[in-house]
Amino acid sequence: MEGVGHAAAVRPERVGASSMKTINIQPGHIARHTPRNAGAQGREAAVVDVAQDLLLQRLHDDGDLDFVAIKGGTAIRKLYAGNEGRFSLDLDFSVSDFDLGRDEVAEAFASAVDRLSIGPFRYSVRERRGKWSVVFESGFVREPSLATKLDFSPAPWLEPVERTWVAMPIHKQYAAPLPAIKTVRLEENIAEKVARLNRTTTARDMYDLAWIMGKAPLARSLDLDLVRRLSVLKIWVDSNGLHSGSMTWPPGHEKSVFDVERWLRERSDGEFDLEDIGALAVPAPSPKELSESVRIGFSFLSNLTDEEEVLAKADNRDRSLAIRLLEGLPGGRFVGSGAY
């Protein structure tokens, strides 16, 4: 992990390299980046979106993204959907490799961000009870500051890939082109959302999955067999946990079997609250539209193989089978890892 802690020293307030050029972001640019009829909440989300872009650009330029891969709704927004997708108020990462410690990476990342100044934004980091957030200050909204949750997950099971941002008009105001950055492969990002929807129904996950499967070129590019296998394995690990060297994927939830018929149920009758999306997507689809899109788009989950049928029961006694299937994933990250 040489280099992870290079940012750990306390530093005075710093001016980002990109801001030494002309970053020209005016209130009118923010207004045009805000979805029509999104109101104050939408404007705040637009400000956070821009602040995230500039932060990620600077961190990439400084090498502070070398040890992480972006994931979740933020990755989908910035690298796949652009203005067609919803805003994401979180910054979700996985550490990029199995031999990296999440806590050490998080602390180095926080040190790199704290007291940073880029263009019209000033950044600081807060930590409370082991949970991190990045605070943005600017003159674009009435609130003195806005915050985004910062989360670091264990390493992805597939090799991260590099993608460039989906071009948006606001990017012309950044002065320097946005770089390609490492991201969790889309099939794995989807599988994590499938696993979460096996436990609870969240509007944002429903929206993301419906959007992905509704974009025909993107949906056709997916390895659906891989999405299904990863989903089964993610749900099994959610219930039973996994270790590989210094990396741990802890069981975070009660045992939850993967009942595909139940997963594909109609979820629109009070199971989730569209207020969870709020002004992040305008106009927001109805619960019935979201539920139907997900049910149709993910009907392929019912095509479980015999081995996947076994793991869907989430039984810890099938650990050897789970590890064998993990070792067989593309890229072979688990081969020789000593996973148990």
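Annotations for the structure displayed:
- You will find that of ARG43, ARG86, ARG58, ARG77, the residue that is closer than 30 Å to LEU290 by Cβ, at pLDDT 95 or above, crowded, with 19+ Cβ neighbours inside 10 Å and not hydroxyl-bearing (Ser, Thr, Tyr) is ARG77 and no other.
- Only residues that are of a type outside the set (Ser, Thr, Tyr), without any contact (Cβ under 8 Å) to a residue 40 or more places away in the chain and not in a loop (DSSP other than H, G, I, E, B) were counted across the range 123-140, and they come to 8.
- When the range 240-288 is limited to residues that are modelled with pLDDT of 90 or more and basic (Lys, Arg), the one that is farthest from LEU321 (Cα to Cα) turns out to be LYS288.
- Residue match in the range 60-75 (condition: farther than 17 Å from ALA281 by Cα and part of a helix (DSSP H, G or I)): yes
Matching residues to (1) buried (at least 21 other Cβ atoms within 10 Å of the Cβ); (2) assigned by the TED database to the domain that holds SER286; (3) under 19 Å from the mean Cα position of the chain (by Cα); (4) not polar (S, T, N, Q):
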| residue | (1), (2), (3), (4) |
| --- | --- |
| ILE190 | yes, yes, yes, yes |
| ASP205 | yes, yes, yes, yes |
| ASP225 | no, yes, no, yes |
| SER231 | yes, yes, yes, no |
| SER246 | no, yes, no, no |
| ASP259 | no, yes, no, yes |
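- Taking helices (runs of 4 or more DSSP H) as the structural unit, those lying wholly within the range 286-340 and holding at least 1 residues that are in contact (Cβ under 8 Å) with a residue 24 or more places away in the chain, more than 16 Å from SER239 (Cβ to Cβ) and not aliphatic (A, V, I, L, M) correspond to 287-297.
The values are calculated or read from the model by the stated rules, or taken from the named source; none is laboratory data. Since this is a predicted model, take the numbers as computed values, not measurements. Backbone-built Cβ (ideal geometry, glycine too); neighbour counts: all protein chains shown.
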